[in-house]
């Protein structure tokens, strides 16, 4: 009896890809006993990027890119257990498993993780996008057997227009409201800096005013070589009038908050992939929807699966049903993982 | 078409009423005739293209997009027109970049039949970008849902051309799209439209709810608020029409009324059907449930006319004896109405009686004892009030009796649409079929999607997501844990529901996060409240 149980266990261990196991709170790399983006504290974790739902605090050891570790330090005030892995550097995790961090193009420091064990290759994308972004390294297609992808915008209605068009809309609104201001809601990590960097690239050199919650992260980006130009805090503005005709960037939660009353007649904008859907914009009282996302849209998701061309696609979070359907229609093996704790952040 | 599409898009994203008015007014001033008339018709839901329905669009989409991907997308977006505008495949060869005038688009849509629509619509959609496709589908299928009311559009017209909105309202219902006479008068300074001898609708006078205050019965008269449908009966040039509260012509549904009015007049009253089942006055009215059997029919059977004949209980007179009474105080109109009664056949008309009481407290006591199925509460009308369109403060009040309440358990939640898209905002709830502690089940008794704040909606949405047992498309079945205190006006026997009961106007009164589900009410309790 005991022997039979032992036998069946060893069989499971040697079955293809049995060393990687999706659990509700993260992906478990069994031979190394290490978790990828776990949603609760574990002894050892690989973290793909700094957004709070992927980078939780309290792990014994956290392996991530230097920029992601810096972002986590900013948020959790500690570097305990931090182990830095540079892009492209392969590190041994133990149990015959190695990991390589590869740029994911999502935000500063974001990475896909390539895991290799016994000749089998698994790529976990974390969050990613394919559109160019001046604030982070571009996504690299990495061939693998199992491709574990996100699906935040995994519905065919989600196609993100070129960012230049959306930045153009923002600058037009600003020009049309010289006595008011345009208040842009943007996620404090990644989106805000990307919008600012794109504004600069479009030739907008004026002061951009920031909500206080943005300051530290913008400074961190600048320390990592992303130039953001002249930034000032709204709380340091000498008067309302100083901000007339300006662009102001704040976290989405501040858009309809009392905080925004100190601004001169703001036109409320929001930079998010969800702005593709009118109802979503109206729910938030957004007057100027800017379809700007740090996630892959439907075409990027499907194109990436085609280019990576894995034996099997696993879908972690988002609109997994639709992407699963697409895989089925295209004769690709796929499954949805029931992970918990990843949110539809304000992207 | 491009200008109209841009207007619609701007309206969607504008929350301020003043900015909406300014946007519409600017469009109406700038757009040419008859485009702007068609746009005004579209904004006030005044267009109907019978050959194009939501289903036509769904069918077109299913020929172009995988059915499952379409359903998942539609479910997420919460709006068929918008989903289709986003998923319509861009044509391989770019279409001519010539903008079609709105009038031309309307003419093409009007010329469609059920068989030509699926062939012709794709060509139109191919010429447009996603914004234009959204506008076209909204235009074709009706129901703009851009957060503006017909009243707001008329106000914008008045604002655009500096005329009074009351005058616009007065002409509005006598005219048809594209409202050439209205623009000739308002925009081009021509003579007002000639409305003599047309049996057209006049806007209803409406009441504010009486919340907490009291009124002095020396100033206000009281009458019952009957539970039928408010109608306006109009006879002009020998022709009679029946209009519903929204101004829809429902004459065909109630043919027995079309020969009943022996003189030209405009009368305001409650349409009811005769009923024997319930008490009330002699020749009384049946409950709303009985009237409901007759609503929404295009043809009426002889049997139905015999079994549930309709009559009008009169409240007010707007025009009679060749005179417009609307400027006169209520008490003069009431006297006029009373003087007209002998000339009206009592088979089809009676007079809504006044409720006399010593003082307000006595009136309250009368209201509370009246649990007649045909009575919703009391109306309080200022004796000096003129008959004015819409709700004017302090002239008329409705004083509804308190609702009935019952504790139900949330069973299913469905995603909302429009502003609530992707929120689980429509709730189906049930009562226990027996003792829940002895294993009894819940039976659904009703559905509600109002009565809670936006904050509560967020909490409810979270509850639904975290307590899902099963998913059926846009519907989720949830754990039987959350109790709603549901308010409703009445409950009736119904064959449509498994519980055999149907509630009238159910809405969430309170969310009882604190109450254990097994303490919710049982179905017997609800059944005991059935009156018909």
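Any read-out appearing in this document is the output of simple, stated calculations on the displayed coordinates, not a laboratory observation. Here the structure is a predicted model, which means the values were calculated and not measured. In this analysis, Cβ positions are derived from the backbone assuming ideal geometry, glycine residues included, and neighbour counts consider all displayed protein chains.
Using alpha carbon centroids, what distance separates segment B:240-262 and segment B:309-355, in Å?
16 Å
Quickly estimate the mean residue ellipticity at 222 nm for the protein assembly as shown, helices only: each DSSP H run with n ≥ 4 gives -39500 (n - 2.57), and the total goes over all residues, rounded to 500.
-8500 deg cm²/dmol
For a quick check: sort A:53, B:437 by the number of other beta carbons within 10 angstrom, fewest at the front.
If I rank by nearby Cβ atoms, fewest first, I get B:437, A:53.
Please rank B:176, B:299, A:152, fewest neighbouring Cβ atoms within 10 Å first, as an exposure proxy.
Least crowded to most crowded, the residues run B:299, B:176, A:152.
Ranking request for peptides A:88-99, B:216-227: highest mean number of other beta-carbon atoms within 10 Å first, then the rest in descending order.
Descending mean neighbour count gives B:216-227, A:88-99.
Quantify how strongly other chains surround peptide B:421-428 by giving the mean number of their Cβ atoms within 10 Å of each of its Cβ atoms.
2
Roughly how many Å is it from the Cα centre of segment B:448-513 to that of segment B:10-32, as a whole number?
Each part reduced to its Cα centre gives a spacing of 37 Å.
At 7 Å along the Cα-to-beta-carbon direction for both residue B:458 and residue B:510, put a label point, then send me their distance in nm to one decimal.
2.3 nm
Given 0.36 nm per residue, what is the gain on full extension from residue B:98 to residue B:332 after removing their alpha carbon distance, in nm?
78.2 nm
Using DSSP, restrict attention to beta bridges with both residues in segment B:205-400 and report what percent are antiparallel, rounded to the nearest 5.
About 85 percent, rounded to the nearest 5.
Which three lengths, in whole Å and largest first, does the protein assembly as shown cover when its Cα atoms are put on their principal axes?
101, 73, 60
Hey, got the average number of other protein chain Cβ atoms within 10 angstrom for residues in B:69-77?
Mean inter-chain Cβ contacts per residue within 10 Å come to 6.
Using the beta-carbon distance between residue B:256 and residue B:18 and R0 = 41 Å, what value does 1/(1 + (r/R0)^6) give for FRET efficiency, to the nearest 0.05?
0.30
Using alpha-carbon pairs under 8 Å, 6+ residues apart, how would you state the relative contact order of segment B:2-141 in percent?
Relative contact order for segment B:2-141 comes out at 39 percent.
Out of all DSSP beta bridges with both ends in segment B:404-527, state the antiparallel percent to the nearest 5.
That works out to approximately 95 percent antiparallel.
May I ask you to derive the relative contact order of chain B, considering only C-alpha pairs under 8 Å and at least 6 residues apart, and to give it as an integer percent?
12 percent
Neighbour counts of other C-beta atoms within 10 Å: give me B:109, A:323 arranged from fewest to most.
Lowest count first: B:109, A:323.
How high is the relative contact order of segment B:123-226? Use alpha-carbon pairs under 8 Å, at least six apart in sequence, and give a whole percent.
The value is 16 percent.
For segment A:111-147 and segment A:148-213, write down the distance between their C-alpha centroids in whole Å.
Answer, in whole Å: 26.
How many percent of DSSP beta bridges within chain A run antiparallel, rounded to 5?
Approximately 35 percent, going by the DSSP bridge assignments.
Once the Cα atoms of helix A:163-176 and of chain A are each reduced to a long axis, what angle between those two axes, in degrees from 0 to 90 to the nearest 10, is obtained?
20 degrees
Using a 10 Å cut-off on Cβ to Cβ distances, tally the other chain neighbours for every residue of A:272-283 and report the average as a whole number.
Per-residue shielding by partner chains comes out at 6.
Just to be sure I understand: with springs between alpha-carbon atoms less than 10 Å apart, which residue in A:238, A:38, A:138 has the highest mean-square fluctuation in the Gaussian network model of chain A?
Maximum among the listed residues: A:238.
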